[in-house]
1. How many residues, within the stretch 75-100, are modelled with pLDDT of 85 or more and surrounded by 10 or more Cβ atoms within 10 Å (Cβ to Cβ)?
2. Counting just the residues of the stretch 159-171 that are exposed (fewer than 10 other Cβ atoms within 10 Å of the Cβ) and closer than 17 Å to Gln122 by Cβ, which one comes out modelled with the highest pLDDT?
3. When the stretch 29-55 is examined, which residues are found to be of a type in the set (A, V, I, L, M, F, W, C) and either part of a helix (DSSP H, G or I) or in contact with a helix residue (DSSP H, G or I) (Cβ under 6 Å, 6 or more places away or on another chain) (or both)?
4. Go through (1) outside the structural domain of Lys154 (by TED's automatic domain parsing); (2) of a type in the set (Gly, Ala, Ser); (3) at pLDDT 80 or above and name the single condition Gly119 misses.
5. Just one of the numbered conditions (1) assigned to a loop (DSSP other than H, G, I, E, B); (2) at pLDDT below 80 is not true of Ser227; which one?
6. Out of Glu33, Glu65, report the one residue that is farther than 30 Å from Lys151 by Cβ and either modelled with pLDDT of 85 or more or of a type in the set (S, T, N, Q) (or both).
7. Report yes if some residue within the stretch 32-52 is surrounded by 10 or more Cβ atoms within 10 Å (Cβ to Cβ) and in contact (Cβ under 8 Å) with a residue 40 or more places away in the chain; otherwise report no.
Amino acid sequence: MSKLRLLDLALLVLAGLLGWQVRREWLDSHAREQALLRGGLPASKVPGMAPLEKVEPLTAASYLEIAMKNLFSQDRNPNVVVDPPKPVPEKPPPPLPVAHGVMLWDGFPPTIVLSEKSGGPQKGYHAGDSIGEWKLVSVDNSFVDLEWDGKEFKKRIDELIDRTPIAAATPPPPTASKTPAEPAAKPLSSGSQSGPGVDLGANQRGCLPGDSAPDGTVVDGMKKVVSQTPFGASCHWEQSK
């Protein structure tokens with residue numbers, strides 16, 4: 001019994017020591033917490049903000065460069081771009097003279113027959129002569145050199161030949177003469193020289209050479225028919241209805 005009491009007493013003392021130790025640690029923790037709450041964190045030194053740069057007042061001249069670089073307003077550029085002068089169009093040469101032939105004889109300078117225009121008067125020209133605005137420089141059997149406005153043009157003679165076709169003179173149209181009306185067609189006898197000729201088929205016969213019977217003449221049941229074609233009058237005989 002005494003041992004059990006001693007053991008119980010020892011446990012009681014041990015429990016008291018443990019409780020005291022726990023309380024002491026709790027008190028220390030509480031003291032640190034209070035000290036932390038009361039003391040707070042040390043204030044850190046924060047550098048102040050740098051002052052803003054001074055803003056210059058707005059002036060229209062400060063936007064001059066922006067206006068000069070505006071791609072959509074080239075007229076703002078003070079450097080005026082002067083367009084280059086347009087080239088003067090080259091004056092076209094006048095019409096070339098018309099050639100009609102060349103005459104080459106031993107001991108004589110070559111002669112070319114020219115006219116200023118088609119249908120104009122013809123005249124023989126030698127090297128150095130002028131025709132209109134052109135000056136004849138040289139000529140041979142194939143080529144002719146012409147000068148105009150300080151420029152020389154070498155042309156083949158056959159290029160200068162006038163190839164305009166000459167219109168044939170057409171005779172005046174014959175005046176219409178008043179002729180008496182042809183008599184009405186009447187049958188001819190079978191012995192007449194005018195009548196149906198070679199059989200053409202399809203119940204048609206040709207006309208005899210020199211057939212002078214008028215259109216509509218009936219011979220042996222055949223009727224003469226005369227028609228106009230682009231190549232002249234054409235006739236044949238067909239069955240009379």
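The values are calculated or read from the model by the stated rules, or taken from the named source; none is laboratory data. Keep in mind the model is a prediction, meaning the values are calculated, not measured. Quick reminder, even Gly has a Cβ in these numbers, built from the backbone with ideal geometry, and neighbours come from all protein chains shown.
1. The qualifying residues number 8.
2. Residues of the stretch 159-171 that are exposed (fewer than 10 other Cβ atoms within 10 Å of the Cβ), as a first pass: 163-171.
Cutting the leftovers down to closer than 17 Å to Gln122 by Cβ gives us 163-164, 166.
Values: Arg163: 74, Thr164: 69, Ile166: 54.
The extreme case among them is Arg163.
3. From the stretch 29-55, those of a type in the set (A, V, I, L, M, F, W, C) are 31, 35-37, 41, 43, 46, 49-50, 52, 55; that's our starting set.
Selection gives Ala31, Ala35, Leu36, Leu37.
4. Failed condition: (1).
5. (1)
6. Numbers: Glu65 fails: either modelled with pLDDT of 85 or more or of a type in the set (S, T, N, Q) (or both).
Matching residue, one of Glu33, Glu65: Glu33.
7. Pass one, the stretch 32-52, residues surrounded by 10 or more Cβ atoms within 10 Å (Cβ to Cβ): 32-34, 36.
Subsequent filtering for residues that are in contact (Cβ under 8 Å) with a residue 40 or more places away in the chain retains none.
No, the stretch 32-52 contains no residue that is surrounded by 10 or more Cβ atoms within 10 Å (Cβ to Cβ) and in contact (Cβ under 8 Å) with a residue 40 or more places away in the chain.
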